[in-house]
Amino acid sequence: MDERLASEWPLRRERLFARLEEEGVDALFLPPSADLEYLTGVERDLPTFGEITYAHGWVTGAFLAPGREPLFVLPRMFVAFHLGGVAPGDAVVVNETADGDALFREAVAQLGDVGRVAVGTRAWARTALGLRDALPGTEIVDGGSLVASLRRVKSELELELMTTACAIVDEAMAATASRVVPGVTMRELQEDVEHELAIRGSRCPSFPTHIFSWLGRDSGDETGAEPVGEGECVMFDFGAVHRGYCSDFGRTVVAGEPPDGYLEAYAVMLAAQEAGRAALVPGALARDVNAACRAPIEAAGLGAAFRHRMGHGIGLDVHERPFLSPEDDTVLEAGMTFTDEPSILLDDRFGVRIEDIVVSAEGGGRVLNRLGSGPLAAG
C-alpha cells in the first residue's frame with residue numbers, strides 16, 4: 001500500500017460526502033471501478049477479454065454515505081481471490097450457499113433512512129434491481145458524475161504518479177524507435193513496446209497497444225504480420241499504468257527515408273500540438289482548446305485529415321471527462337490532465353501523430369512527458 005495515497009482516501013470521501021449533500025443523495029453504491037479505487041484504495045483487477053464473476057457477483061461493491069466508513073458487500077470468492085483473503089474494513093461477506101438477496105438487504109438496512117440512492121454507472125443492472133427491491137419507494141439515480149467531478153482535478157501526488165507513468169512510456173518509446181526498419185512487422189513492434197513497458201514496472205498497458213500505418217498495416221488485426229515497407233510511417237499509440245494511474249502516448253517513426261511531404265506535415269502537427277498546449281489554461285472552455293489545436297492544421301488546408309478531437313481527460317482511467325472536443329463546454333480548472341494528440345492522416349500517402357499528457361495551468365499547459373517531440377530516428 002502507498003501510505004501517501006492512503007492518506008488521501010478519507011479526504012476524497014469527505015469531498016464526495018459534500019457533493020452527495022449538495023445533490024440530495026443519501027448514499028452511493030460503487031462496484032469495483034476506478035471510482036471505488038479513488039475513494040477506498042480497493043484496486044481494480046487487470047482487464048480481461050471475458051467476464052470474471054462468482055456466485056452473487058452482482059452484490060460486489062461498497063456503499064458510501066456521510067458519517068460512516070465505506071460498507072462493502074463482497075462475495076466470499078472475491079475476497080479470497082482478489083483481496084488476498086482479507087475483507088476491507090466494514091464488510092458483509094456473502095458465501096456461495098448464502099441468500100445473497102437477504103444479505104444485500106441487511107447491508108442496505110445498515111444505511112438507515114435513505115430517500116435517494118445513487119448507483120455507479122458501471123454497476124450491474126442486477127444491482128440496481130436489488131436496490132429497488134431492498135428500498136421500495138426510494139429514488140435510485142445514476143451516480144456517474146458524482147465521483148467524476150472530484151477526480152478531474154488532480155492532487156500533487158496524483159500528478160507525481162502520472163509523471164512516472166509518462167516516464168515509463170517515454171523510455172519504452174526511446175528503446176523501441178531504433179527497431180522501426182523496413183521488414184519489421186507491427187506485431188513485432190507491439191511485442192517490443194509491451195516488453196519495454198513491463199520491464200520498467202508498468203502494471204499492464206493502460207489500453208490495447210496500437211501500432212499502425214495509414215497504408216493499412218495494424219498491430220490489432222491480421223495485417224500486423226505484414227512487413228513494413230521502405231519509407232512507411234509507423235504510428236505508436238500506447239500507455240502505461242503506475243499505481244493505478246494511466247499514461248497515453250504517441251509518436252511517429254519512419255522506416256527508412258521519409259516520404260515526400262512528411263516533414264512539412266509533421267511541422268504542422270507540432271504547431272497544432274503547441275497551440276493546444278498554450279490554450280490549456282484555467283477558465284478556457286474545453287471546446288475552445290480543441291479549436292485552438294485544430295487551427296494550424298485547418299490553416300494549412302489539412303483540416304479534413306485531422307479526424308478526431310484534440311484529446312481527453314486522463315487519470316485512473318485512460319479516458320476521463322472532460323473531453324477536448326467540439327461538444328464539450330466544460331470550464332477548465334488548474335490541475336486537470338489531458339492528452340494533447342493531434343494527427344494528420346493522408347489517405348494512400350502517410351499518417352503522422354503525436355501524443356503527450358498536459359496539465360492545465362496558468363500560462364499554458366504543463367507537459368508531463370519528457371521525450372522530445374521532433375521526428376524520432378529509426379534504425
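Each value in this text was obtained by applying a stated rule to the coordinates, not by laboratory testing. Everything numeric here is computed off the predicted structure, so don't read it as measured data. Every residue, glycine among them, receives a Cβ derived from its backbone with ideal geometry; neighbour counts consider all protein chains shown.
Assorted remarks:
- Charging the Cβ of each Asp and Glu at -1 and of each Lys and Arg at +1, and nothing else, the dipole of the chain about its Cα centre rounds to 480 debye.
- Hypothetical label at residue 361: residues of the range 140-173 whose amide nitrogen lies under 11 Å (7 Å Cα-Cβ projection): none
- Given +1 at the Cβ of Lys and Arg, -1 at the Cβ of Asp and Glu and no other charges, the dipole of the range 3-151 around its Cα centre is 220 debye to the nearest 20.
- Whole-number percent relative contact order across the chain, with pairs defined as alpha carbons under 8 Å at least 6 apart: 14
- Taken as Cα centroids, the range 301-370 and the range 148-184 sit 14 Å apart, rounded to the nearest whole angstrom.
- Computed on the range 3-151, with alpha-carbon pairs under 8 angstrom and 6+ residues apart, the relative contact order is 25 percent.
- The range 267-330: GluC sites (Glu not before Pro) in DSSP coil with no more than 11 other Cβ atoms inside 10 Å: 327
- Extreme residue, positive dipole direction of the chain, given options 36, 53, 137 (C-beta unit charges): 137
- Counting neighbouring Cβ atoms within 10 Å and putting the fewest first, the residues 111, 46, 161 line up as 46, 111, 161.
- DSSP H segments from the chain that extend 18 Å or more along their own axis, Cα-based, with Kyte-Doolittle mean of -1.0 or above: 156-176, 186-199, 262-279, 286-299
- For the range 156-367, a simple Cβ point-charge model (Lys and Arg +1, Asp and Glu -1, everything else neutral) yields a dipole of about 200 debye relative to the Cα centre.
- The listed peptides 79-88, 10-19, 61-70, ordered by packing as a protection proxy, come out as 61-70, 10-19, 79-88 (highest mean of other Cβ atoms within 10 Å first).
- Global form of the range 156-367, assessed from the alpha-carbon gyration tensor, a/c cut-off 1.5: oblate
- Prolate/oblate/rounded call for the range 54-169, Cα gyration tensor, a/c under 1.5 rounded: oblate
- Neighbour-count order for 362, 341, fewest beta carbons within 10 angstrom listed first: 362, 341
- In this structure, residue 23 and residue 295 have a Cβ-Cβ separation that, at R0 = 30 Å, corresponds to a calculated FRET efficiency of about 0.20.
- Shown for 312, 319: other C-beta atoms within 10 Å of each C-beta, ranked fewest to most, produce the order 319, 312.
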